Amino acid sequence: MNRISLWEGTAADVHFPAQNEDLSVDVAIVGGGITGITAAQLLVAAGKSVAVIEAHRVGRGTTGHSTGNLHVAVDDQLQKLRKKWGDDVLSVVCQSRQAMITFIERTISQYGIDCGFVRRPHFIFPAEASQISTMEEEHAAALAGGLAATLSTVDLPMALGPALRIDGQAQFQPLSYVALLAKAIASDRCRIFENTKVVDINDRDQVVTTTGGGIRAKKIILATHTPKGFHLVQTELGPYREYGMAAKLASGALPDGIFWTLETPMHHSIRSYDGHLIVIGEKHKVGQHDNAEDYYGKLETYARRHFNVTTVDYRWSGQHYKPADELPFIGQSGTHPDLYMATGFSTSGLLYGPLAAHIITDDILGRENEWASVYKANRFTPVKSAKEFVKENVNVAEQYVKDFLLRRADVEKVADVAAGEGCLVEIDGKKVAVHRSTSGEWTALSPICTHMGCIVHWNGYEKSWDCPCHGSRFATDGEVIEGPAMLPLERLRVGE
């Protein structure tokens, strides 16, 4: 099964060196996705020197596993945002997100980036009877947010009732956009490093220590989707994974637009790109999946039920962090005025990432940003976030109790771990995370997440160890894939 995204399979192949020396810059940016590269673009244009540190390859993390959609509508519906925050905040959210679509389009023109950007309408429609009544409320919310929205119809087999149509939205190849933008801005004043992992962030002395050396900076931006290390804001975030597929059709027209189905408990995202049908869905909490549940299979079954699918060419998953009060956290971290964060984008990182880059850049340059106050990272919203805050943190507490006190080993001994799989094994009274390669070699790790000490769970779909508390993910050798953890899982030595 091909487990790379459509974007990874079709993107421009751009490479950058690893860091191999100490350096000093005005701004150090941790993370080479759309947030970090856009921040570098804006800061360099303003005359600042920057260093971008990417643990893997530029754009091939969250950005390269996204939907490729650029739309103003939010994941949990505009009407819910309106009820929680009111029309003024709703308008800021809609107008700031729409402005970022225009900004991306302008950037593509400025640098001549080949990334398949096209304007498309966005349709939101009910796929089950219980959701039909929500369309008028969603339409009213869209109008209150200042959007060009109408009630329309959709010619898709799963559509029931009226659809909300929002014009002026867009789609593109997000990985090509970020990689080619990075290539265009890279220079002596804009150092971009790949395969360089951050191992420590000293916000007191403003030093980022990496596997390639030290970077001293006047300002530090954590553009890592969730902040590295421990930050209080992580108690306000729910980490989720969602699955995607790109398929070819034997017959029938590909949908020309961006389509969201309203279903319980989640919606599906449907569109086309470069001759492929793209379907996104099947969300679950990180590390709290059921390995017996075939999420890719369920997504493929859904697609085949409604379209004449011949082959599925790409399958992938992506991670997002849902904020308790439905707004991202952007700006000064609260621990130090020169440390910035950008997190809580939910499924909208392709727009909130550039927006965060604008807000943070303006703050660094001493300029007022008209949207900053709505998204500020150190806001306190106990009434608006209480329900989700309690739910997420009770969930984290339950994971601690269940895993440390109640969870038993998956198998009795190391030799019982199947080839290509990972299991918890109890050895000398302690749990050990053991992976057996397809060639029969064992790797034993401490199962204790290096972020906050939860026990990791084996993810059989992506062959990784995932933390159910705050979303850190580790490779079979213990190295950090993503999430707030900076240090790898401890390597252990065990026999069979």
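The values are calculated or read from the model by the stated rules, or taken from the named source; none is laboratory data. A quick note: this is a predicted structure, and the numbers were derived from the prediction, not measured. Please note: Cβ atoms are built from the backbone with ideal geometry, for glycine as well, and neighbour counts cover all protein chains shown. The protein model used for the area step is the full one, side chains on, heavy atoms only, and it has no ligands, DNA or RNA in it. Shrake-Rupley method; radii C 1.70, N 1.55, O 1.52, S 1.80 Å.
Quick notes on this structure:
- The number of residues in the range 428-457 that are farther than 30 Å from residue 298 by Cβ, surrounded by fewer than 18 Cβ atoms within 10 Å (Cβ to Cβ) and not hydrophobic (A, V, I, L, M, F, W, C) comes to 7.
- Among the residues of the range 205-226, those identified as closer than 21 Å to residue 331 by Cβ and either of a type outside the set (Ser, Thr, Tyr) or open to solvent by 20 Å² or more (accessible area, probe 1.4 Å) (or both) are 206, 208, 217, 218, 219, 220, 221, 222, 223, 224, 225.
- If you go through the range 93-148 and keep only what is open to solvent by 30 Å² or more (accessible area, probe 1.4 Å) and in contact with a helix residue (DSSP H, G or I) (Cβ under 6 Å, 6 or more places away or on another chain), you end up with 111, 117, 137, 144, 146.
- Within the range 156-172, considering residues that are assigned to a loop (DSSP other than H, G, I, E, B) and in contact with a helix residue (DSSP H, G or I) (Cβ under 6 Å, 6 or more places away or on another chain), the one least open to solvent (accessible area, probe 1.4 Å): 158
- Candidate set: the range 264-279, residues that are closer than 20 Å to residue 132 by Cα and polar (S, T, N, Q); chosen: the one most open to solvent (accessible area, probe 1.4 Å): 264
- Test: residue 282 is modelled with pLDDT under 95, among the acidic types (Asp, Glu) and open to solvent by 40 Å² or more (accessible area, probe 1.4 Å): no
- Count of residues meeting criterion [outside any loop (DSSP other than H, G, I, E, B) and either open to solvent by less than 30 Å² (accessible area, probe 1.4 Å) or more than 28 Å from residue 232 (Cβ to Cβ) (or both)] in the range 458-496: 10
- Here the helices (runs of 4 or more DSSP H) wholly within the range 1-98 that include at least 3 residues being at pLDDT below 95 are 78-85.
- Residue among 235, 261 that is in contact (Cβ under 8 Å) with a residue 24 or more places away in the chain, among the polar types (S, T, N, Q), surrounded by fewer than 17 Cβ atoms within 10 Å (Cβ to Cβ) and farther than 21 Å from residue 49 by Cβ: 235
- Members of the range 174-200 that are in a strand (DSSP E or B), charged (D, E, K, R) and surrounded by fewer than 17 Cβ atoms within 10 Å (Cβ to Cβ): 200
- Enumeration of residues in the range 33-80 that are under 30 Å from residue 139 (Cα atoms), buried (at least 24 other Cβ atoms within 10 Å of the Cβ) and over 16 Å from the mean Cα position of the chain (by Cα): 72, 73, 78
- Qualifying strands (runs of 3 or more DSSP E) (wholly inside the range 210-298; at least 1 residues being touching a helix residue (DSSP H, G or I) at 6+ places or on another chain (Cβ under 9 Å) and within 30 Å of residue 366 (Cα to Cα)): 213-222, 237-251
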